[in-house]
């Protein structure tokens, strides 16, 4: 009888310890280390995440590690492999991966509108995609800019066979040497570099093409099993972006403290140009309308990047955790 009682007590204690451990993991008082894998090298687009990691993560029970990306880094592969639980990637790339069966989902949107634009010399006569005919046009293969270019030309009714498309490097030197006339770009990157070099340029926006920019994503399993952590991360990121948009100078100072290799002057101007792309739907960072997602998905179907009906809105976009994060923030603000 004593043996049975002892076994029962041990089993009960083990269960309580396991429950306490699980509760501690999901409790804001227990600091959890969370990695966010970036797609690109440090730039102004990190401002919200870095502010989040330095100013708000600890208050929300997190140690947020913002991991720099590069041309060789694929956040989708790293998240699928478990190297990082959360990543940042172009919305179109995420949808394409989901169409191939990847168990991934977006939980927040960095740019509801893609920051992709096209640049020409200020004196150029090129003003619309129809003027690309007979011109040399730069292409950045495999990037968000390439798909936006393809859809823009299709909707403008321009036969791409009439355009000389040239694969170009990320470096601007070939554009400066006028080896081609049209440069794909991100509004907060190449334009800033040209301004620093005192090169006059004109921006052509991809009117009629609605694509998301970068998004925050994770695996379905992480979202289901670690939802409290996901909510805390999203809450932290919202606070970080709200701060970065409200106090850009301090956010860039934080960015430089975390990544000393950046050019503070350059990234300050970049954040200024990029601000409209980071504010979120209805002025709420990370939020995005369902319509923006469905429009991009249909655009990818139109380009035959994904098969028709291969990805639904619910497969790609799970906003409920973000809504919970905003509810928590609203309650805190009312106290």
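None of the figures in this text is laboratory data; all of them are computed from the coordinates on show. All of these numbers come straight from a predicted model, not from anything done at the bench. Reconstructed Cβ throughout: ideal geometry from the backbone, glycine too, with neighbour counts over all protein chains shown.
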On Cα atoms only, tilt of 320-334 relative to the major axis of the chain in degrees: 80 degrees
Percent antiparallel among DSSP beta bridges confined to the chain, nearest 5, equals 55 percent
If you project the alpha carbons of segment 100-179 onto the principal axes, what extent comes out on each, in Å, largest first? 45, 30, 21
Based on DSSP H runs of at least 4 residues, each adding -39500 (n - 2.57), what is the mean residue ellipticity at 222 nm of the chain after dividing by all its residues, to the nearest 500 deg cm²/dmol? -14000 deg cm²/dmol
Using alpha-carbon coordinates, inclination of helix 264-278 to the longest axis of the chain, degrees: 80 degrees
At a temperature of 20 °C and a viscosity of 1.002 mPa s, determine how fast the chain diffuses translationally according to Stokes-Einstein, using the Kirkwood radius over alpha-carbon pairs as Rh; express D in µm²/s, rounded to the nearest whole number. 100 µm²/s
Longest principal axis of the chain (C-alpha) makes with the long axis of helix 248-258 (C-alpha) an angle, in degrees to the nearest 10, of 70 degrees
If packing is taken as the mean number of other Cβ atoms within 10 Å per residue, what is the order of 45-52, 88-95, highest first? 45-52, 88-95
